[in-house]
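Undergrad: Can you keep this structure in mind? I'll have questions shortly.
The values are calculated or read from the model by the stated rules, or taken from the named source; none is laboratory data. Bear in mind the structure is a predicted one, so any value in this text is a computation, not a measurement. Here the Cβ positions follow ideal geometry from the backbone for every residue, glycine too, while neighbour counts run over all protein chains shown. Just so you know, the surface numbers come from the protein's heavy atoms only, side chains and all, with ligands and any DNA or RNA stripped out. Shrake-Rupley method; radii C 1.70, N 1.55, O 1.52, S 1.80 Å.
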Amino acid sequence: MGVKGLWTLLSPTCEKKALWELEGQTVAIDLSCWICDSQTITFAVNRPHLRNLFFRTSCLLLAGIRPVFVLEGKAPEIKQNEMRRRIQNVWNGVENNSRVKDTRPRFNSLIQQCCRLLEALGVCYIQSPGEGEATCAHLNAAGLADGCITQDNDCFLYGATTVYRNFSSSRSSKGCGFSVDAYDMAVVQKVLGLNREALVAIALICGCDYEGDECDGRGILGVGIETAAQFISGTSTSTQNIISRLKSWNRDPYFLELEREAVEIENVSNCLHCGHRGNLGRHDRVGCKSCDCEKGCIAKCDYSKENSLLNMSLEERRTLMLELGIRKKALVNPKFPSQAIIDEYLTLCNIPVPQSSSICWKRPDLKKFLEFSDKYLGWPEDYSLEKFFPLYTRWKILHEKSSHNDNHPYEVSPVCIKKQRASRGTSYYEVEWKMNDAVTQISCFTSLEPCIQFGNAYPVMAEEFQMRKKKPPKKGQKKEKVTIKVTKGRCNCGKNAGNQHHMCFFLREEEKLKADKVEGQMHKTNVEAITRSLVDLDLQDADTSSSDMDNMPEQL
């Protein structure tokens, strides 16, 4: 569970990712979350936690993702009351039930069954000394894991940088299959302005799974996740020191002075800031009509008091008034904030750090898996082999160089590549395999392997298959006719085909006729222009002669 309402607060930073985007990564998985998920299945399934674990792990391994499972350890003392409440809810609130104990025998037995399955598959797992999400976060912070797969949001409070939630390994009609919801701490800090210490402060205010120093773990009554985030992101104090500020609430006289000033501001009839009707709190909320302000009001003078609410800006005053309201509710418990909860999240415990070389996928054990699937899952042998062989062959091609000279009793080797096909945008070879020592009734089987990985492991076989795909042309096969397109007017061959003219002849004749037609139109236009010019000259001469005749009598 973790911090109440934290997933809702972080939802703006969520990014949906397909599983293939995590290829090549190492992910730390909180096994307890997968076990709890399987308990909600409504239809009848034999040991759903084992079935769920097998198919999810197979999906990760076939997608090229290296899982590291973290086993739940002993719960801290400050979580015991929360565990008792959860068990009582399962048993319909019976407080004196003999099953309500601090230990979890049934849960521990389920973990042991899961460990046997992981050993048969060759998958690495780590025992946590305490909370499983704490060890997952520690592996992520140390660089041994690229992310954490968990449903507990307090993984961020333990120091994780990348968390994957809502893991899906099946197809979905809503398009959410084979995907995870990714949360990055760098994006959270950039978008929401909250770092690890700020999230711990939110856990103290809103409540979490832990109880300490007589706190009931429900946080401050009447304060929600949005109010707490608004106060923490809006305060002028750096989020690095926000926990120190919470600790100073019950002993710093600065807050007592601010409370007295806030009471005085709220109880007067005229605003102490501008002098108009109404108090300062109302003016901050709805504005002052006399000052013609929609929010806040205009100060009538400067106040000599340095840290007075009247000297602050509107946003600073609003944030501080919000903090005073939260502080008043928090000090109902004089031991707020709980130092035990702060130490649980921020103090590094003795978590063993494994070597990076030990976090690897070992060879799956066929014999162990067949015995396990028959005893715990009730699968027939042919169905178990159908599910096991894809994992075994994938491990084989990934570790071919290191396991080439191993004399393993269940060694397999590829016989041939049947064909190549695509699945989900990736090219695969359909490979036929042969088991060298037939320990089962099935000696030959097929599997789909990525072309690149199989080609790296068996380059000769992959090259031979590609050569077979390029088949030579059969004898007597007609060659394809080559059609040459001739662009109109650009062929100057000048050839004749027998007694008939070549096409180019007609093209040239057509272009010649067009040119003659254009030249004739231009000649006609020039003749008409010359004719009009001559007519105009004749008219001008006629006008000149008539004017000369009119002037002759005067001269005489």
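Undergrad: Which distance in nm do the two modelled labels at C416 and N81 give, with both placed 7 Å along the Cα-to-Cβ direction?
TA: Roughly 7.2 nm, to one decimal.
Undergrad: Another question, then. Run the numbers for K190 and H276: contour at 0.36 nm per residue of separation, minus the present Cα-Cα distance, in nm.
TA: This chain segment gains 26.9 nm when fully extended.
Undergrad: Please work out how much length the chain gains when fully extended from C115 to I41, using 0.36 nm per residue of separation minus the C-alpha to C-alpha distance, in nm with one decimal.
TA: 24.5 nm
Undergrad: Could you pull out the pairs from K387/K434; K247/K329; K434/K469; K375/K434; K17/K396; K396/K419 whose alpha carbons sit more than 18 Å apart here?
TA: K434/K469; K375/K434; K17/K396; K396/K419
Undergrad: Moving on to the next point. I'd like the carbon and sulfur percentage of the solvent accessible area for segment 127-177, probe radius 1.4 Å, heavy atoms only, ligands and nucleic acids excluded.
TA: 44 percent
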